[in-house]
1. Go through the stretch 347-378 and give me each residue that's of a type in the set (K, R) and either modelled with pLDDT of 80 or more or exposed (fewer than 13 other Cβ atoms within 10 Å of the Cβ) (or both).
2. G267 versus (1) free of Cβ contacts under 8 Å to residues at least 40 places away in the same chain; (2) in a helix (DSSP H, G or I): which is the lone unmet condition?
3. Any idea which residue in the stretch 109-132 is most open to solvent (accessible area, probe 1.4 Å), counting only those that are in a helix (DSSP H, G or I) and not hydrophobic (A, V, I, L, M, F, W, C)?
4. Only one residue in I217, I244 is aliphatic (A, V, I, L, M), touching a residue at least 12 places away in the same chain (Cβ under 8 Å) and more than 30 Å from D151 (Cβ to Cβ). Which one?
5. In this structure, is A255 surrounded by fewer than 24 Cβ atoms within 10 Å (Cβ to Cβ) and of a type outside the set (D, E)?
6. Within the stretch 16-41, track down each residue that is polar (S, T, N, Q) and within 13 Å of D348 (Cα to Cα).
7. Tell me which helices (runs of 4 or more DSSP H) are completely within the stretch 151-225 and hold 2 or more residues being touching a Ser or Thr at 6+ places or on another chain (Cβ under 7 Å) and not polar (S, T, N, Q), or say none if there are none.
8. Please count how many residues of the stretch 133-167 are buried (at least 16 other Cβ atoms within 10 Å of the Cβ) and among the aromatic types (F, W, Y).
Amino acid sequence: MTTVRRLRQLEAGSLPILVGLVLLWAVFASQNANFLSARNLTNLVLQIAAMGTMSVGVVLVLLLGEVDLSVGAVSGLSAAVLGVLNVERGMGPVPSLLADVATGAVLGLFQGLWFSRFRVPSFVVTLAGLLAWHGALLRVLGTTGTLNLYDPTIVGLTSVFLPPWLGWTLGAVSLGVLVLGHVRLGGRRARAGLPPISGRAVASRIAAPGVFVPAAIALLNSDRGVPLALLLLLAFVVGLDLVIRRTRFGRHVLAVGGNAEAARRSGIRADALRVAVFGLAGALAACGGILAASRLLAVNQSSGSGEVLLNAIAAAVIGGTSLFGGRGTVWSALTGALVIGSISNGMDLLALPSSEKFMVTGGALLVAVTIDAVARRGKTL
């Protein structure tokens, strides 16, 4: 009975998503041996970098119990600002990149202020933003339509690969930090008089990264090396995960998402928190737009449109972030992006039509939302 209750409440965490991802890879590999090749998996990492970055911002908004429908349009408009400043105005890459991120942050802050001040649902405010920012994108690009990017710094964000020795060094450092973190956690629990974490639990937490990280580095090094874009995505995921789990700001986000009225009564400034989260989501959408433009070597009138928004939201939800707020992790952006990217990549290798790709992705999203609803209901029983 305990096992059933844990499954209903989804206490397994990311395990179901990871198991599903393994099964998905097994199916595609059985149909096309090239799917698990080093070159294709490297391409998969590059394909999900932009979507995963935008999805990190979506996760923050969902944890707050809100929704942002403008992330795709914000990414496109910010990338257009980058292209105009760098290509047409001759501005250097660093100021252009900073202007891109600032544009996204300002748009996010504006939307957060609007719905917090006037109590307009975030769904409506960001839907209006989706339309308005896409129109602004067309205005910024003007009659040019497309701007090709040539700056090596901007283009290098998705075309630079680390030398093998540096990839191994970073992998060793990351595993060392993980082990050190568990040692420090054990020390803090001892000083607080709490029972120690069992050796089996610690080993299980370290074993998976200890196997996966070296295997991933070896695989990527057998092709072109660890992509810089992957490091950027991981930096966003790890950094925001620490913010949510280890800071007062993160605890307040979860509190407001779990019960906004109770959080307000406890003294949390919910409105200021919402504005800050939407500002962060806008900045992350702009960073995703940078990676997308870098990979495509251009900014055009369709940047940030199409399935960009839906994939960013679907990745967060499929990865395990609750639509009801207050439950989920930033890592769900990465796992969800891997699921969606794998579906797209695998079906492209099998030369299946886009119609089937959309249907499979929609089915995966429906299953994820259903699991979330069942888990939420199970907690009330």
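The values are calculated or read from the model by the stated rules, or taken from the named source; none is laboratory data. Every value quoted in this text rests on a predicted model; they were computed, and no experiment measured them. Note that each Cβ is placed from the backbone with ideal geometry, even for glycine, and that neighbours are counted across all protein chains shown. The area values use the complete protein model at the heavy-atom level, side chains included, leaving out ligands, DNA and RNA. Shrake-Rupley method; radii C 1.70, N 1.55, O 1.52, S 1.80 Å.
1. R377
2. So G267 meets the others, but not (2).
3. Step by step, filter the stretch 109-132, then rank; the result is R117.
4. I244
5. Judged against the criteria, A255 is a match.
6. Q31, N32, N34, N40
7. Fully inside the stretch 151-225 and qualifying: 152-156, 199-221.
8. 2
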